[in-house]
There are 2 protein chains.
Amino acid sequence: MREEWSNAEKKTARRAFETAREAVLAGAFAEFKAKAAAARTVDDMWSIGDALQQLRRDIDELLDYRYSQLTPVFARLIVGGYLDEKQLAGLSEDKLEKIRRHVSFMREP
Amino acid sequence: MREEWSNAEKKTARRAFETAREAVLAGAFAEFKAKAAAARTVDDMWSIGDALQQLRRDIDELLDYRYSQLTPVFARLIVGGYLDEKQLAGLSEDKLEKIRRHVSFMREP
């Protein structure tokens, strides 16, 4: 069943997404700086290069702003610690419930 | 015409190549460290990732230890400042002459 997103929900979603996006990128950047500062060998350098390629793919996959993908995307951002459910206040209860189900599923041991 | 490499020449070539290889990698590593330390934004980080990919391709191309490729390779290493012709003492005069011709050609304005 296709989800409907009201304009108010789209606005909330966009704001939450952008906040999480900045947190993801800030975390990635801080990790890069620490790894680069700790690099001692040419192999460390190549590893950082490989990690950056992988990171770009992971981030592109994680930060997928299609309405059809947003509930699992928000769940992954919550599980990753980049987003708090409170920032999604304003979304319909059925969307929040979907997000919570994804989160529970991902958090299961 | 196929070049012949005597065992003594191969030994000289290998020693010179390894010295130059270390210089290339040390230079690349120092440049990486400086760029990473200067990085201030996520875009800087992605640029460094792209540069590392390109660097790996360039280095693989530059450090090509096939006897059929060694005279142009040594010439490029000399032009790049990674090798001094003195380190090639022991190679036959015709090989040294070939290397010098490559160097002159690359250095032409």
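The values are calculated or read from the model by the stated rules, or taken from the named source; none is laboratory data. Note that the structure is predicted; figures quoted are calculated from it, not measured. Cβ: placed from backbone, ideal geometry, glycine included. Neighbour counts: every protein chain shown. The area values use the complete protein model at the heavy-atom level, side chains included, leaving out ligands, DNA and RNA. Shrake-Rupley method; radii C 1.70, N 1.55, O 1.52, S 1.80 Å.
Within the stretch B:58-72, how many residues are open to solvent by less than 70 Å² (accessible area, probe 1.4 Å) and either of a type in the set (Gly, Ala, Ser) or without any contact (Cβ under 8 Å) to a residue 24 or more places away in the chain (or both)?
Total satisfying the criteria: 2.
Which condition number does A:Leu52 fail, the rest of (1) part of a helix (DSSP H, G or I); (2) more than 7 Å from chain B (Cβ to nearest Cβ) being met?
(2)
If the Cβ limit is 9 Å and pairs must be 6+ apart or interchain, which residue in the stretch A:80-103 that is on the phi > 0 side of the Ramachandran plot pairs with which residue that is at pLDDT 95 or above and not small (Gly, Ala, Ser)?
A:Gly90/A:Glu9; A:Gly90/A:Lys11; A:Gly90/A:Thr12
Which one is farthest from A:Ser6 (Cα to Cα), of the residues in the stretch A:56-101 that are in a helix (DSSP H, G or I) and small (Gly, Ala, Ser)?
A:Ala75
Scan the stretch B:35-57 and report the pairs whose first residue is buried (at least 18 other Cβ atoms within 10 Å of the Cβ) and whose second residue is at pLDDT 95 or above and assigned to a loop (DSSP other than H, G, I, E, B), with Cβ atoms within less than 8 Å and a gap of 6+ or a chain change.
Final answer for the pair search is B:Ala36/A:Ala39; B:Met45/B:Ala39; B:Ile48/B:Ala39.
Can you pull out every residue in the stretch A:1-55 that is in contact with a helix residue (DSSP H, G or I) (Cβ under 7 Å, 6 or more places away or on another chain) and among the hydroxyl-bearing types (Ser, Thr, Tyr)?
Scanning the stretch A:1-55 gives A:Thr12, A:Thr19.
Check A:Ala26 against each of (1) in a helix (DSSP H, G or I); (2) within 15 Å of the chain's Cα centre (by Cα); (3) touching a residue at least 12 places away in the same chain (Cβ under 8 Å) and name the one condition it does not meet.
(3)
What residue, of A:Arg76, A:Arg15, A:Arg21, is open to solvent by 70 Å² or more (accessible area, probe 1.4 Å), within 14 Å of chain B (Cβ to nearest Cβ), within 17 Å of the chain's Cα centre (by Cα) and in contact (Cβ under 8 Å) with a residue 12 or more places away in the chain?
A:Arg21
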